[in-house]
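Here is the structure we will look at.
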Amino acid sequence: MALCLALSDRRAESVALALTVTFGIRPGNLVVQGHGAAFLKIETQAAEDRNRRARVRRTTPLLRQIAAN
């Protein structure tokens, strides 16, 4: 399980790096977290490409709401 989480964390970090390099998003504006086998799309013990994914969520509107209060 720890190996899956480490791989997932590295995958998330790679996505963050790509967003920083390609789109100029400051690293301080990104939070990455791997989920390992916690949220599988396809329940299997075998390698499954559809379980290798990353989610990007925009948090700017949430931060603006907090700052306004």
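Read the figures in this text as sums done on the coordinates, not as results from a lab. Keep in mind that this is a model prediction, so the values were computed, not measured. In this analysis, Cβ positions are derived from the backbone assuming ideal geometry, glycine residues included, and neighbour counts consider all displayed protein chains.
On the beta carbon distance between ALA54 and ILE25, with R0 = 22 Å, the FRET formula returns roughly 0.95.
Are there trypsin sites (Lys or Arg not before Pro) in the range 17-53 that DSSP marks as loop and that have at most 16 other Cβ atoms within 10 Å, and which are they?
Filter output for the range 17-53: LYS41, ARG52, ARG53.
So how much slack lies between LEU40 and VAL15, counting 0.36 nm per residue of separation and subtracting their Cα-Cα distance, in nm?
Difference between extended and current length: 7.2 nm.
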